[in-house]
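Structure record follows, encoded as structure tokens.
The values are calculated or read from the model by the stated rules, or taken from the named source; none is laboratory data. From a predicted model like this one, the values you see are computed outputs, not experimental measurements. Virtual Cβ from ideal backbone geometry, glycine too; neighbours counted across all protein chains shown. SASA here: full protein model, heavy atoms, side chains in, ligands and nucleic acids out. Shrake-Rupley method; radii C 1.70, N 1.55, O 1.52, S 1.80 Å.
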Amino acid sequence: MHFSTSEIIEVLGTISFAISGTFAAMQKRLDPFGVLIIAFVTSIGGGTVRDLLLGDTPVAWMRDVNYCLLILLTSLATIYFKTHIKKFKVTLFVFDSMGLGLFTMLGLQKGIVFGLEPGMCVALGTITGCFGGIIRDTLLNQIPLVFRKEIYATVCILGGILYFILVYFNLKADLAKVIVIAFIFGMRVVVVRYKLSLPASYFRS
Amino acid sequence: MHFSTSEIIEVLGTISFAISGTFAAMQKRLDPFGVLIIAFVTSIGGGTVRDLLLGDTPVAWMRDVNYCLLILLTSLATIYFKTHIKKFKVTLFVFDSMGLGLFTMLGLQKGIVFGLEPGMCVALGTITGCFGGIIRDTLLNQIPLVFRKEIYATVCILGGILYFILVYFNLKADLAKVIVIAFIFGMRVVVVRYKLSLPASYFRS
Amino acid sequence: MHFSTSEIIEVLGTISFAISGTFAAMQKRLDPFGVLIIAFVTSIGGGTVRDLLLGDTPVAWMRDVNYCLLILLTSLATIYFKTHIKKFKVTLFVFDSMGLGLFTMLGLQKGIVFGLEPGMCVALGTITGCFGGIIRDTLLNQIPLVFRKEIYATVCILGGILYFILVYFNLKADLAKVIVIAFIFGMRVVVVRYKLSLPASYFRS
């Protein structure tokens, strides 16, 4: 049994977003079923929007029951271990950032497979990375993280551009992928740690 | 002129959700057009999401103008007779529950036709049943019924599982469908009557 | 280099909604990136929903990078010139109304190309016209303009019906298109100027 880089990325991304969804839903005190639904939607949201836009249907998670099982188990494990986790906010942030990096890479890659232009691949990666979180936050009735003041989607776009630069300089694709994922995750940490934000005050009217 | 079980289910579900949408929108005092839009969206929302996920496009309601006419007439009739209806809340609940049962069965069935695995068929049924209401509530700017404390989507899933159990024991498909629809409707009544809910307090952090 | 009427309509509609999205987002003081995203989503939202419903994928904007560049440049120019614009509300209204007329016509036309019935073409036009604004307002966490008290979607439907009447009386299609676009824009101005609304009070329960 051998896994490709893409499959490993997909599994890790699915797990990360399932955990982030579970935490976000628990913070809002949803019932267990609501928590599972939010975990599920967070985890498959980005890929579903991506597949719908590409017309690659039935969408990915419908074709492979394993991803659904993976989300279910991850969410249940997260609920079970929640008493051991003190810092909800930090945990939510870490897994959201990991999922962001992993899914952005995945979407970008699928854009390349479908023969889209590089700019569109970056857009598709950003959508794949961000939409799970957008749907999660919309359903939990809060302004999506992506629209709040810290830099969020920008990081995905920069990561996407970085990928094409790395590949342009003949870096091995697999290595470039790992670098991009680490870059997106690291940038998010830096952004939140130093409270970096784009100057919204600029728009004051 | 002969109707299949599926067609009868679809017509009844469409009517049920059109009524539930009309009531929800009237409660929020939308203008007549807003009411019609909400009725329409509630009624076709679940099936549209289902068809998009499956890639069965153009989506169902675009291919058959009759469903649109049915929704229009149902909504107008509901508006017209509203003075005779005292208990808005109860009426909304009854028709929402009927639509839930009917559309869950319909989605499950379409999953089978598309050759999805049983687990996916149950998921597709749940989505078909719940999404009309989710879109309705989101547009009306309230937390979707499905995420509030009472058991909602769980009922669809149990109904879906029940269907496969009944068919496994060689029950006639048409009879199994009727039983599942009645089960989902009945369960909703029991759940709301006795205020059953999954223990959200469990997640208090 | 020659442009068809449709292409001109599409370019103008894209610009109009990009401006309206930029203004709406600046009013909410989003960061520059949030502003660009809202501009983008407002501009491509209607067409994306239209293409998804028709199953015409990958959706339009993914196939032509020029529209993305057009939106980007329009949004940046709008941000740059914002100091020269005093009346945010009026500007937002004007461009939203222009986009509404242009995109309604575009959606209607695509429905005809796909061989839908006239009623469905009108619905598709209305969806194409309204959805960019609905997504914009939903993401900005306000009740969509289309559901507020003034007449909005009704105008698109009337415009759509007008188109088929004009064509029925053998008017040249291109002229009919221009008339319909002007009709929708003009109606919106009249509606807002004289505060026309459908009688929501009728539904008081």
Regarding B:Leu102, is this residue part of a helix (DSSP H, G or I) and either farther than 29 Å from B:Gly55 by Cα or at pLDDT below 95 (or both)?
yes
Pick from C:Leu92, C:Leu108: which is in a helix (DSSP H, G or I) and modelled with pLDDT of 90 or more?
C:Leu108
Spot the failing condition for B:Asp51; the list is (1) open to solvent by less than 10 Å² (accessible area, probe 1.4 Å); (2) outside any helix (DSSP H, G or I); (3) among the acidic types (Asp, Glu), and only one is missed.
(2)
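Looking at this structure, is A:Val59 of a type in the set (Val, Ile, Thr) and within 19 Å of A:Gly111 (Cβ to Cβ)? Break it down into steps so the answer makes sense when it comes.
Values: of a type in the set (Val, Ile, Thr): yes; within 19 Å of A:Gly111 (Cβ to Cβ): yes.
Judged against the criteria, A:Val59 is a match.
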What is the number of the single condition among (1) closer than 25 Å to B:Ile79 by Cα; (2) open to solvent by 40 Å² or more (accessible area, probe 1.4 Å); (3) modelled with pLDDT under 90; (4) part of a helix (DSSP H, G or I) that C:Val191 does not meet?
(2)
Which pairs have Cβ atoms under 6 Å, sit 6 or more apart or on different chains, and link a residue in segment B:177-193 that is without any contact (Cβ under 8 Å) to a residue 40 or more places away in the chain to one that is part of a helix (DSSP H, G or I) and of a type outside the set (Phe, Trp, Tyr)?
B:Met187/B:Val155
Test set (1) modelled with pLDDT of 90 or more; (2) closer than 21 Å to B:Gly47 by Cβ; (3) open to solvent by 50 Å² or more (accessible area, probe 1.4 Å) - B:Phe169 fails condition number:
(2)
Among the residues of segment A:54-68, write down those that are of a type outside the set (Phe, Trp, Tyr) and more than 10 Å from chain B (Cβ to nearest Cβ).
A:Leu54, A:Ala60, A:Asn66
If A:Asp56 passes every condition in (1) open to solvent by 20 Å² or more (accessible area, probe 1.4 Å); (2) in a helix (DSSP H, G or I); (3) touching a residue at least 24 places away in the same chain (Cβ under 8 Å); (4) not hydroxyl-bearing (Ser, Thr, Tyr) but one, which one does it miss?
(2)
For the structure I just gave you, tell me whether A:Leu36 is crowded, with 22+ Cβ neighbours inside 10 Å, outside any helix (DSSP H, G or I) and modelled with pLDDT under 90.
no
Would you point out which residue out of B:Leu116, B:Leu106 is at negative phi and either buried (at least 21 other Cβ atoms within 10 Å of the Cβ) or among the small types (Gly, Ala, Ser) (or both)?
B:Leu106
With respect to the numbered conditions (1) in a loop (DSSP other than H, G, I, E, B); (2) in contact with a Phe, Trp or Tyr (Cβ under 7 Å, 6 or more places away or on another chain), which one is the sole condition not fulfilled by C:Phe3?
(2)
Failed item in (1) under 17 Å from the mean Cα position of the chain (by Cα); (2) free of Cβ contacts under 8 Å to residues at least 24 places away in the same chain; (3) farther than 22 Å from A:Gly115 by Cβ, with C:Phe81 passing the rest
(1)
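Taking the condition of a type in the set (Val, Ile, Thr), modelled with pLDDT of 90 or more and either outside any helix (DSSP H, G or I) or open to solvent by 60 Å² or more (accessible area, probe 1.4 Å) (or both), does C:Val178 pass? Walk me through how you get there before you give the answer.
Values: of a type in the set (Val, Ile, Thr): yes; modelled with pLDDT of 90 or more: yes; either outside any helix (DSSP H, G or I) or open to solvent by 60 Å² or more (accessible area, probe 1.4 Å) (or both): yes.
Judged against the criteria, C:Val178 is a match.
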Does at least one position in segment A:13-22 carry a residue that is within 14 Å of chain B (Cβ to nearest Cβ), closer than 30 Å to C:Thr57 by Cβ and surrounded by 15 or more Cβ atoms within 10 Å (Cβ to Cβ)?
yes
